[in-house]
Amino acid sequence: MPPGSSSTRVSATASEVLAGFRPQSSIAQPVAFCPFSGLKEEFMPRFPLPKSLLLASLMLTPGFSLCSTVASAQEEIPVPVIDAADIPTSPLADELFAPAPIADPLGSPAFTTCPPGSGLGSELPPASPFAGSLFERPKLTGNWLGLRDGLALNGIALDVSSTNFYQGVASGGINESFEYAGRGDYYLNVDGQKAGLWAGSFITLHGESRWGETINSNTGAIMPANVGMLFPKPQGTVTALTGVKFTQALSENFAVFGGKLNMFDELKQPYASGRGVDSFMNAGLTFPITLARTIPYSTLGAGFAVMENLQPVFTFVVLDTNTTSTTTGFETFFDNGATLLAMANRPVELFGLPGHQGIGGSYSTGQYNDLSPTPWYDPNTGGFGVSTGLTRGSWSIFYLADQALWVDQNNPQRSWGLFGNAGMADNGPSAIRWSTYVGLGGSSPLVSRPLDSFGLGYFYVGYSDPVHNLAPRLMNVGNDQGVEMFYNIGVTPWFHLTPDLQVLDPARSRTLPPNARDIDTALVLGLRAKIDF
């Protein structure tokens, strides 16, 4: 259990374990590539894998967790403190936590209930957390007449959300206009053991849709102001299956994973990430952007993660270089080389508060055009359609860190703190030579607003020579920098409304002839509404 919690406390985590619902924890999790990313806590292995290991989710780099939850408390459900002796039991809870002897693949003694330290044995939830009144339950559609509980008992959880944006350039930029757009996310998580397979096996699927128009091309910046509307495709109405991941935990120190990996799901940093639907929206604050040339958005790949003292210390992944968001990927399987991604991290404490420090790097053997678009941004922002020769090989390195500055003593899952990133890449074919961001965010410090979260961040992106020299006489291209701030209001546990403000100093200084004009600093305003069904 988290520090400061009691074994006689019925925590939101324990309740969510029963229902297939994972909280949006603000506690800084290690940054890493996580084989268990997207899995609900009730899907964690029941053989000797301590819960602390599973929650850390075999992360790649500090502050960057492939399965750490987003640094917000917006899905966290306040649960009263109840003495263990007064906790009622239920057939559902009895069945879920009943002893289930299993064989450990490594031959060591198997747990018959939950891992030590999880607290689940003494924290049986009194009822399904999906139950409750309309404005108190975590999901709009509730328990589906008990179906959600039944699916959880068989190792299946389905989470559906819809996020809608109304965003525009209020002043400056290229075009002062507002647009409506939206996206849907559909996650299916399967615990192999509960579903009749074997211990330690998990399947995670992520489907997504996007629709509407965005203002990403109206700001004058190369970095998109709304990263959530880039995927699965940056334009049109599109639905695709972008993640199909298989994970096998072999011990408490080692796990392997593979499949079609959604790298935006895998790479998350405490207090900073959120796919543009929970936290920051600008691409410069949601992803170590120096990775953009070498890391596809959705692609085939496999890897492993190593743990030490229940903390992720090293993760290694091999990826196809092709982004295959809307295809299976088999038709282009490694036809343009491979990308190697490695991340290492070390947990640290400052004045007794959790934090992480980590480094990582990538190398691709593929051939790239200096100005060809990446899934994360289009460096050929002027619309010239310029093409350069192909260059083989691209690399990047980065450093990430996060540090909690405050942790709620009554609910350790609520915290806020600092985060940062700095990275470098080659001077072509990578369009980005170096980048950095720093910020403050996490749970709202207001005790009366336990479902709220906030963020304030600054980013700077320095582009490579091929971008600067794109068309210096017609369109001078400099570097992008900007500030973003948001406040995520938990109207109910299932409905979040987020005002967002960005001030962007764009890389482009003038529009193209014949009607060339200066591009001023852009003030971007937005309103985001997310519903969890």
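What follows is calculated from the coordinates using simple rules that are stated; it is not laboratory data. Values in this document were obtained by computation on a predicted structure and should not be read as measured data. For neighbour counting, all protein chains shown are included, and Cβ atoms are generated from backbone atoms with ideal geometry for every residue, glycine included.
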Subject >> Placed amide H near S509: partners under 5 Å, 5+ positions off or other chain >> reply: N476, G478
Original post:
Whose amide H sits under 5 Å from the amide H of G200, counting only residues 5 or more places off or on another chain, with H placed in the peptide plane?
Top reply: R46, F47, Q193
Original post:
Ranking V318, V190, V227 by Cβ neighbours within 10 Å, fewest first, what do you get?
Top reply: V318, V190, V227
**OP:** Quick one: what are the phi-derived ³J(HN,Hα) couplings along segment 400-410, Karplus 6.51/-1.76/1.60 with θ = phi - 60°, whole Hz, x for glycine and proline?
**Re:** 9, 8, 9, 8, 5, 10, 8, 10, 5, 5, 8
Original post:
If you rank K268, K245, K194 by fewest surrounding Cβ atoms within 10 Å, what's the result?
Top reply: K194, K245, K268
Original post:
In whole Hz, what ³J(HN,Hα) sequence does segment 463-470 give by Karplus (6.51, -1.76, 1.60; θ = phi - 60°), x for Gly and Pro?
Top reply: 8, 7, 4, x, 7, 4, 9, 4
Subject >> Gain on full stretching of the segment that runs from N154 to L340 - 0.36 nm per residue minus C-alpha separation >> reply: 63.4 nm
**OP:** Grab the beta carbon distance between S372 and L456, set R0 = 45 Å, and tell me the FRET efficiency rounded to 0.05.
**Re:** 0.85
Subject >> Amide H within-cut-off set for R433, under 5 Å, with H built and near neighbours excluded >> reply: G462, Y463, S464
**OP:** Name the residue farthest towards the positive end of the dipole of segment 383-484 from the options S435, V467, A425, assuming +1 on Cβ of Lys and Arg, -1 on Cβ of Asp and Glu, about the Cα centre.
**Re:** V467
**OP:** Figure the gain on full extension for E331 and T141 (residue separation times 0.36 nm, minus the Cα-Cα span) and round it to one decimal in nm.
**Re:** 64.5 nm
Subject >> Inter-label distance, nm, simple model (7 Å from Cα along the C-beta direction), L353/V491 >> reply: 3.2
Subject >> Per-residue Cβ neighbour rank within 10 angstrom, fewest leading, I222, I531, I289 >> reply: I531, I222, I289
Original post:
R0 = 30 Å: FRET efficiency of A195 with Y363, Cβ-based, nearest 0.05?
Top reply: 0.20
Original post:
For segment 222-228, in order, what is each residue's ³J(HN,Hα) by Karplus, 6.51 cos²θ - 1.76 cosθ + 1.60 with θ = phi - 60°, in whole Hz (x at glycine and Pro)?
Top reply: 7, 5, x, 7, 9, 5, x
Original post:
FRET efficiency for N427 and F316, Cβ-Cβ distance as r, R0 = 25 Å, nearest 0.05?
Top reply: 0.45
